[in-house]
Structure formats: C-alpha cells, structure tokens
There are 2 protein chains.
Amino acid sequence: MSTAVSAERLRQQLDRISAELHGSVLPFWLEHSPDREFGGYFNNLDRDGKVWDTRKHVWLQARQVWMMAALYNATKEERYLEAATGGAEFLRRHALEPGNRAYFCLTREGEPVSMQRKIFSECFYVMAMAEYARATGSAEIRAEARDVFGSVLRFKDDPSLVGRTVFEGAAKESSLAVPMILLNLVDVLHDSGEKTHANVERWCVETIAMHAGADPRFVLEHVAPNGSPMDTPEGRLVNPGHAIEAGWFLMDYAHRTGDAKLERLGVDIVDRSFDFGWDEEFDGLFYFLDREGYSPSQLEWNMKLWWPHCEAMIGFLMAYRATGSERHFDRFVQVADYCFENFADPEHGEWFGYLDRYGTATHRFKGGPYKGCFHVPRALWRCETLLREALGA
Amino acid sequence: MSTAVSAERLRQQLDRISAELHGSVLPFWLEHSPDREFGGYFNNLDRDGKVWDTRKHVWLQARQVWMMAALYNATKEERYLEAATGGAEFLRRHALEPGNRAYFCLTREGEPVSMQRKIFSECFYVMAMAEYARATGSAEIRAEARDVFGSVLRFKDDPSLVGRTVFEGAAKESSLAVPMILLNLVDVLHDSGEKTHANVERWCVETIAMHAGADPRFVLEHVAPNGSPMDTPEGRLVNPGHAIEAGWFLMDYAHRTGDAKLERLGVDIVDRSFDFGWDEEFDGLFYFLDREGYSPSQLEWNMKLWWPHCEAMIGFLMAYRATGSERHFDRFVQVADYCFENFADPEHGEWFGYLDRYGTATHRFKGGPYKGCFHVPRALWRCETLLREALGA
C-alpha cells in the first residue's frame with residue numbers, strides 16, 4: 001500500500017522519531033523514575049527529573065510497567081525487563097484491595113492514599129500484568145491479569161461495585177472511554193496469549209461504532225444508550241484526542257483481524273476528529289469542544305495537551321498504512337512538527353504536557369498525576385515501528 | 001477612620017458599583033434565571049441569558065436564595081422575596097435526602113443527579129435557609145437551617161458520614177475551606193437571630209489564624225493538624241482568592257464583635273495574599289500558586305477567575321474601613337478597574353467568569369456549574385454598602 005511517500009521522507013521522519021525516543025524520552029524515565037529503595041516509580045518529576053511529589057499514581061505506575069514490558073518484549077533488552085519488574089512487583093504488593101479494586105494513589109512506601117469511583121486503575125493494572133506476564137512467561141501473573149479483567153467486566157456493568165450511586169435523575173448514557181479502554185485491554189491480553197473474548201470484542205467495536213454513528217462530523221464522547229445524540233453538555237461534548245485514540249485502537253484491532261471495513265471506520269474517525277478538533281488559528285488540537293459551539297464547562301477546554309497529539313501521530317501513520325495516501329502522511333508530519341516545536345524539551349528530555357491555546361507551556365513538570373512514562377514513548381515507539389514497516393525495514 | 005480618601009473618589013466608585021449592580025447584574029439574573037414552571041433557578045446561562053443546561057446545581061440554587069433573601073432583608077423590595085421563595089421552596093422539596101445530606105445536582109424537575117463526598121452543598125443550604133427564614137420570619141425554616149447546620153458539624157468531624165474513606169496513606173491535614181465556610185455560616189445564622197455557637201466560632205477563627213501563621217508571606221490552603229507547613233503539592237498550595245475571602249470573613253466577624261486585633265489579622269491576610277497572588281506581568285490574580293514555585297498540578301492555575309477578584313474588592317474596602325489608609329482604597333480601585341475592563345459585559349449584563357492569563361475570556365457563559373447569582377452581586381452589594389458607610393450616607 002504505502003507507496004505514495006518517498007523513502008527519503010519516511011527515513012527523515014523515522015530518524016527524528018528514533019532519536020527522540022532513544023535519545024531523549026526513554027533516558028529521562030530510565031534515569032529519573034525508578035525508586036530503588038521502595039520499588040515502583042517516581043511519576044511526579046519536574047522539568048529536569050527532580051521528584052516534586054513522592055506519591056505514586058497507579059494509572060501511571062501500571063502504564064509504565066506496560067511500556068517497559070512492551071519494550072522488553074520487542075527488543076529483549078534486559079534493562080527494560082528490570083525496569084518493568086520494579087514497578088510490577090510494587091503494584092502486585094500494594095495496588096489492589098481484596099475484591100480487585102485498585103487504588104488511585106499510593107504513598108512512596110505503598111500505603112493507599114485514595115481510590116476513584118471508576119474502573120481505570122483496574123484496567124491499567126490488567127494492561128500492566130498481561131504485558132509483564134508475556135515478558136516473564138509467568139502463568140501466575142497471567143492468571144492475575146485475567147482475574148482482574150473479569151472484575152473489570154463486572155464493575156463496568158454495576159457502578160455500585162465501585163461505590164457509585166446512580167441517582168434517578170442521572171442521564172443514562174454510553175461513554176466512549178469504556179469500550180475504548182476495554183478494546184485496548186483485549187489487544188494486550190491477546191498479545192500475551194490469552195484467549196480473546198469474542199463477546200467483549202464485539203461489544204467494544206459496536207459501541208465505538210455507535211458513538212461514531214451519531215453524527216458524521218465528529219465522534220461524541222457520550223450518547224444515549226441507543227446511540228442517539230443527547231442535548232446536554234455531556235451529550236454535546238467532543239474530545240478530539242480521545243476519539244482519535246479510539247480510531248487507532250480500531251485500526252489496530254482491524255488490521256490484526258483483517259477487517260478492512262472496520263479499518264476504514266478507524267481512518268474516518270481519525271480524519272473527522274482531527275478536522276473538527278484542530279485549532280486553525282493557533283494550531284494544535286483543542287482538548288474539549290461543544291458540538292454546538294457552546295463553551296465547554298471544563299476550564300482547560302482550549303489548552304493543548306501532549307497526549308491528543310501523541311494519539312494523532314499514531315492515528316495518521318496507521319491511517320497511512322491503511323490508505324497509502326500522502327495526505328495522511330502529511331498530517332502525521334503536521335502533528336509531529338507541532339509536537340517537536342512545542343512539547344519537546346531538548347534540554348532535559350521528555351515532553352512538556354500542557355500548553356495554553358497559543359502554544360506556551362503552562363506547566364514545567366514532565367510527570368504528574370496524569371502524565372507519566374506512557375503517551376510519549378508509546379507514540380514514538382509505535383510510530384518508529386510503523387515507519388520501519390513502511391520502509392520495508 | 002475613613003478620612004484619607006476624598007468624598008469625590010468614594011462617590012465615583014459608588015456610582016459605578018451601583019450602576020453595575022442595579023443596571024447590569026441583578027437584571028440579568030432576575031430576568032433569565034427563575035424557572036416559573038418547576039421553581040428553582042436556571043443557573044446555566046449563556047452570555048445572553050439563554051439556558052444551555054437545564055440541570056440545577058445545589059450550590060448555586062442555595063447561594064441565589066441567600067442573595068435574594070439578603071437583598072430583600074436589606075431593601076424590603078418584594079421582587080427579591082419572590083425570587084428567594086421560588087428557589088427556597090424548590091430546595092426544601094428536592095435538595096435533601098433523609099439524614100440531611102444534600103445533593104450536588106438536580107434535574108430541572110428536581111430529581112437527584114449526583115452527590116459529592118463533601119459538605120459544601122449542605123453549608124450553602126444552611127446559608128440559604130437561615131437568610132430566607134429571616135426574610136419570612138418563619139420559625140419552621142429557621143429550625144430547618146439549625147438542624148442541617150448540626151448535621152454539617154457532624155459531617156465535618158466524620159468523613160465517613162459523607163461517604164469518604166480515609167485511607168491510611170492519606171496525609172492528615174487541615175483545609176482552609178472548612179473553617180472559612182463555617183465562619184460565614186455562623187455570621188449568617190447570627191444575622192437571622194440564631195444564637196451564635198461560641199465554640200464553633202472560636203474553632204473557625206483559630207483555625208484560619210493557624211493557616212495564616214504557617215508563613216508570613218501567604219496563607220496556605222492545607223497545613224498539618226498542628227499548623228506546620230507540609231512539603232507536598234497540597235501543602236505548598238496557595239489559593240490567593242480563597243485566602244482573601246477568608247480575610248474578609250475574619251474582618252467582617254471581628255468588626256461585628258469589636259475585636260480590633262482580629263480585624264488587623266484579616267487586613268494582613270488580604271494584603272499578603274494579594275501581594276503573592278497578583279500577576280505583575282499580565283495583571284489579575286492567579287487562581288493557584290505553589291509556594292516554592294513548582295507548577296501547580298491544576299491545569300487552570302494561571303487563569304484569572306471572576307470570584308477571587310470579587311473577594312478582593314470586598315477585602316480591600318473592608319481593609320480600608322479598618323485602616324483608613326489610601327493604599328487600601330487604591331488597591332480596591334486597581335482590582336475594580338481590572339474587573340470592569342475584563343469581566344464586565346455591558347452588552348448582555350453580568351460578568352464573564354473565566355479569562356486566560358492574558359485577560360481574554362475563555363468561556364462565554366455567565367452561569368455554569370460553579371458560577372451563579374452569587375459572587376458578583378454579593379461583591380457589588382457589599383461594596384455599595386461599604387462605600388455608602390464611608391461616605392456617611
């Protein structure tokens with residue numbers, strides 16, 4: 001397919017992606033994040049890697065375990081396995097309470113600090129352990145991942161299990177986040193050798209397609225259970241980066257299962273979400289938009305966050321893989337240029353996470369409660385792989 | 001005291017404050033917010049007053065009842081009593097569940113949508129009913145306010161009563177928000193004729209003083225239970241607008257009780273919080289700061305919100321009342337100028353709520369889940385009263 005773009009252009013992009021991943025991003029985390037005394041990672045790191053908060057956020061601990069294990073599985077370099085082990089053992093000791101609820105935040109030593117009324121800590125725990133089990137070959141850890149995944153499926157269907165009361169005035173709605181993260185888990189579990197869950201896969205794919213089917217101009221974050229748009233602020237909400245991520249999860253899954261029609265839906269989701277979400281005036285992807293043009297109530301709606309741009313880099317290279325169209329490659333370059341100009345930090349490594357609408361960094365830290373060793377290395381690593389494949393290397 | 005400022009300057013400020021309150025702000029809410037079908041108020045209003053979400057947020061419903069009842073108590077104008085009644089009866093029917101937990105959000109019709117694991121909905125309910133009882137003379141409603149206040153005091157001491165688990169790794173800390181809001185409630189209850197709660201008052205005053213005592217350069221939002229500063233992101237957090245509000249609550253209370261030393265502490269809190277929180281480069285008060293200069297993890301830390309500026313207007317006029325110093329009056333004018341230039345909306349009335357660091361409005365709505373008929377009218381009304389008193393009128 002990928003013939004429209006010259007090998008020289010592909011090579012140029014591959015070179016800067018690889019240099020950034022191996023020369024700036026991974027060294028930052030490998031040097032500054034491991035806690036060699038208590039295990040786990042310091043995930044709250046200032047611009048230069050200094051720890052500004054010793055607490056450990058489970059989302060990020062787990063995602064870093066996944067990232068390190070995935071790099072080990074791809075390269076067999078021992079240093080990645082070692083880094084994965086430090087985090088995995090810390091999480092296995094401290095992250096779960098009986099019944100498989102996972103904490104949101106732990107102290108440096110591993111004592112629980114807080115728990116959300118959501119299922120995402122548990123999801124990232126599964127993602128970590130499935131990939132780590134593949135790295136170690138441990139049947140015990142694979143069984144743990146499968147067990148927690150079973151709990152996640154129960155939690156998803158009964159919010160009271162995560163402590164949430166559903167009051168009678170609350171709108172019944174479908175949220176894009178849930179099928180999206182579950183489809184990603186299905187993929188990680190599949191790679192680790194677990195039998196795929198056909199009914200779960202089908203539900204994820206159909207639910208994402210339902211969100212995309214409500215309006216051809218964008219993907220809605222929340223729709224009614226029957227898929228129709230809702231005229232509430234949640235119903236009008238568009239999160240372009242999130243939709244783009246869902247788009248590449250779909251393409252990834254469709255590519256693996258050989259479903260060309262589903263892959264095209266993934267391409268379309270990425271295209272329309274980018275068209276709707278890109279700020280024509282100051283560049284970059286908006287964080288949130290209201291489909292009718294009202295002001296989203298989120299105070300940060302017009303900020304430019306690192307992760308939607310990471311997702312868009314992967315999204316457009318996967319779209320290029322699917323279509324071979326230079327337009328998709330050009331968009332990848334457009335997003336990558338924005339990232340290298342605005343998020344990258346050649347002085348200290350890794351990327352800044354938060355810019356104002358105009359592209360000025362508002363926060364100097366590289367790691368915080370919601371930003372860790374995940375989106376940037378995942379995007380660079382997936383892009384490196386896709387570019388190598390496109391080059392036939 | 002107030003002799004340093006010319007009557008002409010005082011009169012100038014009084015004129016623009018009164019014109020804004022009676023010509024722009026109150027008409028906006030009186031025209032657009034009452035829900036004449038189901039009671040209560042539409043608190044989610046677009047720039048021009050159009051309803052963009054019909055749900056009703058209890059914080060704002062209750063604060064608007066307080067505001068309308070307070071205006072009635074000050075003026076005896078029937079339209080304010082009528083507006084207060086529409087909200088008060090809606091809240092009495094729908095806001096509480098047995099045991100006096102108050103919902104956070106209701107549907108237009110009054111069905112519960114959500115509940116926070118915090119005590120603020122209950123606090124604002126007490127504030128509303130105490131002031132409304134004073135307006136109507138209803139002993140029944142006054143008893144309700146007293147009863148819910150009793151529940152608030154119990155909730156404050158036992159987080160499990162509001163559904164919060166305190167995990168063993170969570171830092172034990174004192175939060176400025178709690179003594180602050182309770183001191184405000186004590187004041188409202190006092191005005192409505194309730195006996196003051198001497199031990200509660202003492203605890204509020206001493207706790208605020210403890211937060212102010214940790215460092216002479218600012219007021220910390222969270223300190224250790226013994227008052228010492230904590231080296232965590234929460235322990236380093238400064239919220240200048242919040243501290244300024246605490247400062248004028250103290251001055252208000254001290255003025256009423258004739259405690260000159262406490263009034264001076266209030267003046268000092270306002271002064272130092274303004275000095276630390278004012279953005280010398282682009283003007284306006286930052287929303288959050290880290291006392292050591294780290295980036296606060298809140299994405300909106302550098303935005304300029306309407307309410308800290310509202311509190312600062314009241315704070316500096318109360319400081320002027322206490323000191324008679326032209327410097328305090330000048331600061332009042334500085335903040336008011338910023339507000340009239342950046343937040344006011346001569347076209348449609350009321351104020352915008354959210355600006356980016358540079359002073360550009362980021363959100364066009366006048367009412368949202370956390371902004372309603374409260375901070376702007378309260379500030380203008382208190383300032384109008386203080387300016388009239390200063391003029392001896």
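The values are calculated or read from the model by the stated rules, or taken from the named source; none is laboratory data. None of the values given here were measured: they were computed from a predicted structure. Positions of Cβ are generated from backbone atoms using ideal geometry, with glycine treated the same way; all protein chains shown enter the neighbour counts. Accessible surface is based on the protein model in full, side chains and every heavy atom, while ligands, DNA and RNA are left aside. Shrake-Rupley method; radii C 1.70, N 1.55, O 1.52, S 1.80 Å.
Pull up the range A:226-255, narrow it to residues that are outside any helix (DSSP H, G or I) and among the hydroxyl-bearing types (Ser, Thr, Tyr), then point me to the one that is surrounded by the most Cβ atoms within 10 Å (Cβ to Cβ).
A:THR232
Mind listing whichever residues of the range A:325-346 are over 18 Å from the mean Cα position of the chain (by Cα), hydrophobic (A, V, I, L, M, F, W, C) and either under 18 Å from A:MET303 (Cβ atoms) or not in a helix (DSSP H, G or I) (or both)?
Answer for the range A:325-346, where residues must be over 18 Å from the mean Cα position of the chain (by Cα), hydrophobic (A, V, I, L, M, F, W, C) and either under 18 Å from A:MET303 (Cβ atoms) or not in a helix (DSSP H, G or I) (or both): just A:ALA344.
Looking only at the range A:226-245, which residues are under 26 Å from A:ARG331 (Cα atoms) and hydrophobic (A, V, I, L, M, F, W, C)?
A:LEU237, A:VAL238, A:ALA243, A:ILE244
Take the residues in the range B:347-393 that are aliphatic (A, V, I, L, M) and in a strand (DSSP E or B), then tell me which one is surrounded by the fewest Cβ atoms within 10 Å (Cβ to Cβ). Outline the logic, then answer.
Taking the range B:347-393 first, the residues aliphatic (A, V, I, L, M) are B:355, B:361, B:376, B:379-380, B:386-387, B:390-391, B:393.
Going one step further and asking which of them are in a strand (DSSP E or B), we end up with B:355, B:361.
On the way: B:LEU355: 21, B:ALA361: 17.
Only one residue fits best here, namely B:ALA361.
Determine which member of the set B:ARG9, B:ARG36, B:ARG47 is more than 14 Å from every other protein chain (Cβ to nearest Cβ), more than 21 Å from B:GLU131 (Cα to Cα) and not in a helix (DSSP H, G or I).
Numbers: B:ARG9 fails: not in a helix (DSSP H, G or I); B:ARG47 fails: more than 14 Å from every other protein chain (Cβ to nearest Cβ).
On inspection, the qualifying residue turns out to be B:ARG36.
Kindly establish whether A:GLU131 is buried (at least 17 other Cβ atoms within 10 Å of the Cβ), acidic (Asp, Glu) and at pLDDT 95 or above.
Working: buried (at least 17 other Cβ atoms within 10 Å of the Cβ): yes; acidic (Asp, Glu): yes; at pLDDT 95 or above: yes.
When the stated conditions are applied, A:GLU131 passes them.
Can you tell me which residue among A:ALA198, A:ALA209, A:ALA171, A:ALA177 is of a type in the set (Gly, Ala, Ser) and within 14 Å of chain B (Cβ to nearest Cβ)?
None of the other options fit; the residue is A:ALA171.
Quick grid of which residues meet (1) β-branched (Val, Ile, Thr); (2) in contact with an Asp or Glu (Cβ under 6 Å, 6 or more places away or on another chain); (3) part of a helix (DSSP H, G or I); (4) without any contact (Cβ under 8 Å) to a residue 40 or more places away in the chain:
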| site | (1), (2), (3), (4) |
| --- | --- |
| A:TYR132 | no, no, yes, no |
| A:ALA135 | no, no, yes, no |
| A:ASN184 | no, no, yes, no |
| A:ASP187 | no, no, yes, no |
| A:HIS190 | no, no, yes, no |
| A:GLU194 | no, no, no, no |
| A:ASN199 | no, no, yes, yes |
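Looking at B:LEU10, B:LEU21, B:LEU14, which one is among the hydrophobic types (A, V, I, L, M, F, W, C) and closer than 29 Å to B:TYR125 by Cβ?
Of the residues listed, the single one that is among the hydrophobic types (A, V, I, L, M, F, W, C) and closer than 29 Å to B:TYR125 by Cβ is B:LEU21.
In the list B:LEU265, B:LEU317, B:LEU285, which residue meets the criterion of being in the same structural domain as B:GLY23 (by TED's automatic domain parsing), over 29 Å from B:PHE28 (Cβ atoms), at pLDDT 95 or above and not β-branched (Val, Ile, Thr)?
Being in the same structural domain as B:GLY23 (by TED's automatic domain parsing), over 29 Å from B:PHE28 (Cβ atoms), at pLDDT 95 or above and not β-branched (Val, Ile, Thr) holds for just one of B:LEU265, B:LEU317, B:LEU285, which is B:LEU265.
Restricting attention to the range A:299-324, which residues are within 13 Å of chain B (Cβ to nearest Cβ), more than 17 Å from the chain's Cα centre (by Cα) and hydrophobic (A, V, I, L, M, F, W, C)?
Step one: of the range A:299-324, the residues within 13 Å of chain B (Cβ to nearest Cβ) are A:299-307.
Within this subset, residues satisfying the condition of being more than 17 Å from the chain's Cα centre (by Cα) are A:299-303.
Within the range A:299-324, A:LEU299, A:TRP301, A:MET303 qualify.
Select from the range B:62-81 the residues that are assigned to a helix (DSSP H, G or I) and farther than 18 Å from B:VAL25 by Cβ and write down the one among them that is most open to solvent (accessible area, probe 1.4 Å).
B:GLU78
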